[in-house]
Amino acid sequence: MKSTTDRIKELIEATRERCMDHYRHIHRHPELSYQEEKTAAYIAQILEKLPMDEIKKGVGGHGLTALLKGNRPGPVVALRADIDALNIQEETGAPFASENPGIMHACGHDSHTAMLLTAAEVLCSMKDDMAGAVKFVFQPAEEMTPRGGAQGMIEDGALENPKVNAIIGIHVWPTLATGTMGIQSGAVSASSDHLKLTVTGKSCHGSMPNQGVDAIVAGSSVVMALQTIVSRNVNPHEAAVITLGTVHGGDRYNIVPSRVDYDGTVRCFNKEIHEKLPQWIERTATHAAKAMGAEVEIDYQKGYPSTINHPEIVEICRNAAGKILPEDGVLPPLPVPPGGEDFAFYTLKTPATFAWLGCRPEGVSPEDMPALHNDKFLPDPKSFPLGVSYLVQSAVDLLEAPLEDIK
């Protein structure tokens, strides 16, 4: 008698080409956050051909959920994929390259969606032997910081009716080789906040700076002072970043400007530090500006929190990955990237695991592999069946676990 894992492998092989068809179609027709109307219509078209028990459209915008019930009692497991694209002009030269100028799936969301659609088909074939229920979550607007699409999905009940006991997600990761996955407990993405500063002084002639308050000099003091926050407030064993990415001020070379505007990002992994950073920034910036006779206005927008993986869900998913990956494919704990991910909002509501799926082709070095958000980024299609297998095997194993007891 075939094992469940062997059956999954056969079903994955049978759906391999359909997964690629989904991927090429979605890659060719990318849509920006909150504009994913045609992408959602395509997903609905595929789901409606499957024996789903319920399909909901327009969840959190153009999001969708689909519910598949098994024949035995059990928990509810959600599988999530993001569906939006980025403002990038594609330069891959692929035959299925974007047909929408200036828009590209440069972050792999097309592959996530294709893999989840294929996982849905495979799990539908296993419905008669399945416990509990699986909820498929196709989420819009992951790229739309600071709010993101996950919050809208949650507000529209994506994790309720029936209540989800655990949720998992994956992200293709170009620094990791195809055939490997990173699945680990704790923080796996950074919080991602938006910081705006306006330093105000007093304008005057550039030859007589004593008659004004130089916003450029005062702003420079603020910028330098902000860089002491992490080194003098954050435990050396933790990590945080304050980066001001733009600066705008002044109209003419011989005029002391009265205003300088800064725009930047604040990142960290620790929840307590995340709560304290706005206070530290306000205190430091205010006093640095006042010391120069200037004032500062601070606009701090909380964005995505850090994505926190639940240790018990991680253990089940690592074991599941070990069944379908090559030997040593499940990697030891990796350095956590400081990027933001709105899957984090799900982890605040229910036990969760977010995994990195290696997608760097054999023979390509990490240095030569185009990064996420690069106009030449294309994940290795050989990683897709492994991603589908991971989603299916993890769902099956989680459905047999006592998730109701995991908090």
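Just check region 1-160 against the gyration tensor rule for me: Cα atoms, a ≥ b ≥ c as the square roots of the eigenvalues, rounded for a/c under 1.5, and otherwise prolate or oblate depending on whether a/b exceeds b/c. Mind dumping the intermediate values first?
On the way: a/c = 2.47, a/b = 1.38, b/c = 1.78.
Taking the square roots of the gyration eigenvalues as a ≥ b ≥ c, region 1-160 is oblate.
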**OP:** Enumerate the calculated ³J(HN,Hα) couplings along region 328-338 in order (Karplus 6.51 cos²θ - 1.76 cosθ + 1.60, θ = phi - 60°), each rounded to whole Hz, writing x wherever the residue is Gly or Pro.
**Re:** 6, x, 7, 7, x, x, 10, x, 7, x, x
**OP:** On a C-alpha basis, how far is the centre of region 1-47 from the centre of region 55-129 in Å? Whole number, if you could?
**Re:** 7
Subject >> Accessible surface of region 216-344 [probe 1.4 Å, protein heavy atoms]: carbon and sulfur percent >> reply: 52
Original post:
Relative to the longest principal axis of the chain, what angle (0 to 90°, nearest 10) does the C-alpha long axis of helix 271-291 take?
Top reply: 20
**OP:** Using DSSP, restrict attention to beta bridges with both residues in the chain and report what percent are antiparallel, rounded to the nearest 5.
**Re:** 70
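Checking a compactness column here: for the chain, what do you get for Rg(Cα) / (2.2 N^0.38 Å), N being the number of residues? If you can, show how the numbers build up before the last one.
Working: Rg = 23.8 Å, N = 407, 2.2 N^0.38 = 21.6 Å.
Cα-based Rg divided by the globular estimate yields 1.11.
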Original post:
Tell me, what HN-Hα J-couplings in whole Hz come from the Karplus equation 6.51 cos²θ - 1.76 cosθ + 1.60 at θ = phi - 60° for each residue of region 178-190, using x for Gly and Pro?
Top reply: 4, x, 10, 9, x, 9, 8, 7, x, 5, 10, 8, 8
**OP:** In Å and from the alpha-carbon atoms only, list the Rg and Dmax of region 195-314.
**Re:** 17.2, 66
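I'm checking a number: the convex hull volume of the Cα atoms of region 257-407, normalised per residue, in Å³. What is it? Present the calculation step by step, with values, prior to reporting the outcome.
Numbers: hull volume 24.9 nm³, N = 151.
Convex hull of Cα atoms, per residue: 165 Å³.
Using a cut-off of 11 Å between beta-carbons, work out the net charge of the residues near Gly340 (Lys and Arg +1, Asp and Glu -1, Gly340 not included). Don't jump to the answer; show the numbers that get you there.
Details: positive: Arg267; negative: Glu142, Glu143, Asp193, Glu341, Asp342.
For residues surrounding Gly340, the net value is -4.
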**OP:** Name the shape class, rounded, prolate or oblate, that the alpha-carbon gyration tensor gives for region 286-337, where a ≥ b ≥ c are the square roots of its eigenvalues, rounded holds for a/c under 1.5, and otherwise prolate holds if a/b is larger than b/c and oblate otherwise.
**Re:** prolate
Original post:
So for the pair Lys56, Tyr300, with labels modelled 7 Å out along Cα→Cβ, what separation do we get in nm?
Top reply: 3.5
Original post:
Across region 370-378, in residue order, what do the Karplus-derived ³J(HN,Hα) couplings come to in whole Hz, using 6.51 cos²θ - 1.76 cosθ + 1.60 with θ = phi - 60° and x for Gly and Pro?
Top reply: x, 7, 4, 6, 9, 6, 10, 6, 9
Original post:
Given the convex hull over the Cα atoms of region 5-84, what projected area results after averaging over all orientations, in nm²?
Top reply: 6.3
Original post:
Taking K and R as +1 and D and E as -1, what net charge do the other residues with C-beta under 10 Å from the C-beta of Gln393 add up to?
Top reply: +1
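Using a 1.4 angstrom probe with every protein chain in place, what is the largest-first accessible-area order of Glu17, Glu295?
Working: Glu17 105, Glu295 135 Å².
Most to least solvent-accessible, the answer reads Glu295, Glu17.
Rounded, prolate or oblate, given the Cα gyration tensor of region 251-298, with a/c below 1.5 counting as rounded? Could the numbers behind the result be given before it?
Numbers: a/c = 4.71, a/b = 2.10, b/c = 2.25.
Here region 251-298 falls in the oblate category.
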Original post:
Looking only at Cα atoms, what is the convex hull volume of region 71-188 per residue, in Å³?
Top reply: 157
**OP:** Could you do me a favour and compute the accessible area per residue for region 258-407, 1.4 Å probe, result in Å²?
**Re:** 47
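State, as an integer percentage, the relative contact order of the chain based on alpha-carbon contacts under 8 Å between residues 6 or more apart. Walk me through the intermediate numbers first.
Values: 943 pairs, mean separation 96.3, N = 407.
The normalised contact order for the chain reaches 24 percent.
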Original post:
When N is the residue count of region 1-44, what does its C-alpha Rg come to as a fraction of 2.2 N^0.38 Å?
Top reply: 1.63
Original post:
Stretched out fully, how many nm does the piece from Lys163 to Glu37 gain, at 0.36 nm a residue minus the Cα gap?
Top reply: 42.7 nm
**OP:** Using only Cα atoms, tell me the angle between helix 311-324 and the longest principal axis of the chain; keep it within 0 to 90° and round to the nearest 10.
**Re:** 50
Subject >> Crossing angle, helix 4-28 versus the chain [Cα axis fit, 0-90 degrees, rounded to tens] >> reply: 50
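Apply the Kirkwood formula to region 61-131: the hydrodynamic radius equals the inverse of the mean of 1/r over all pairs of different alpha-carbon atoms; give it in Å with one decimal.
On the way: mean 1/r = 0.0689 Å⁻¹.
Result for region 61-131, one decimal place: 14.5 Å.
The values are calculated or read from the model by the stated rules, or taken from the named source; none is laboratory data. This is a predicted model, so every value here is computed, not measured. Positions of Cβ are generated from backbone atoms using ideal geometry, with glycine treated the same way; all protein chains shown enter the neighbour counts. Just so you know, the surface numbers come from the protein's heavy atoms only, side chains and all, with ligands and any DNA or RNA stripped out. Shrake-Rupley method; radii C 1.70, N 1.55, O 1.52, S 1.80 Å.
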